[in-house]
Amino acid sequence: MNISNEIKKLMIDNDMTLTELAKIISLKKKKSFSVQNFSQKLKNNTITLKEFEIILDALGYGIIFNRKIK
């Protein structure tokens, strides 16, 4: 599973552009987050957990942890 590909799929499903998502991340992180920076992070697969949470929230999703059954 490549997290960047999953983010791109969710963006397509929600009709959201890199520009729109970068603006949302920038507002939530309260610091500059350019489209170029976001694109590079997707390309290099270096999205942080905090950024991933912000992205999922912006797209209407969340993270759920499930304990594995042994």
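The values are calculated or read from the model by the stated rules, or taken from the named source; none is laboratory data. Bear in mind the structure is a predicted one, so any value in this text is a computation, not a measurement. Here the Cβ positions follow ideal geometry from the backbone for every residue, glycine too, while neighbour counts run over all protein chains shown.
Hey, among the residues in the stretch 7-25 that are among the acidic types (D, E) and over 13 Å from I54 (Cβ atoms), which one's surrounded by the fewest Cβ atoms within 10 Å (Cβ to Cβ)? Spell out the reasoning first.
Just the residues of the stretch 7-25 that are among the acidic types (D, E), to begin with: 13, 15, 20.
With the extra rule that they be over 13 Å from I54 (Cβ atoms), the set shrinks to 13, 15.
Values: D13: 11, D15: 7.
Among them, the one singled out is D15.
Would you say S4 is small (G, A, S), in contact with a Ser or Thr (Cβ under 8 Å, 6 or more places away or on another chain) and surrounded by 11 or more Cβ atoms within 10 Å (Cβ to Cβ)?
Against the criterion (small (G, A, S), in contact with a Ser or Thr (Cβ under 8 Å, 6 or more places away or on another chain) and surrounded by 11 or more Cβ atoms within 10 Å (Cβ to Cβ)), S4 does not qualify.
Within the stretch 26-48, being loosely packed, with under 11 Cβ neighbours inside 10 Å, modelled with pLDDT of 90 or more and of a type outside the set (S, T, N, Q) holds for one residue alone: K43. Would you mind stating whether E51 is under 12 Å from the mean Cα position of the chain (by Cα) and modelled with pLDDT under 90? Taking the combined requirement at face value, the residue satisfies it.
Looking only at the stretch 25-59, how many residues end up being in a helix (DSSP H, G or I) and either closer than 17 Å to E6 by Cβ or without any contact (Cβ under 8 Å) to a residue 12 or more places away in the chain (or both)? So the answer is 21.
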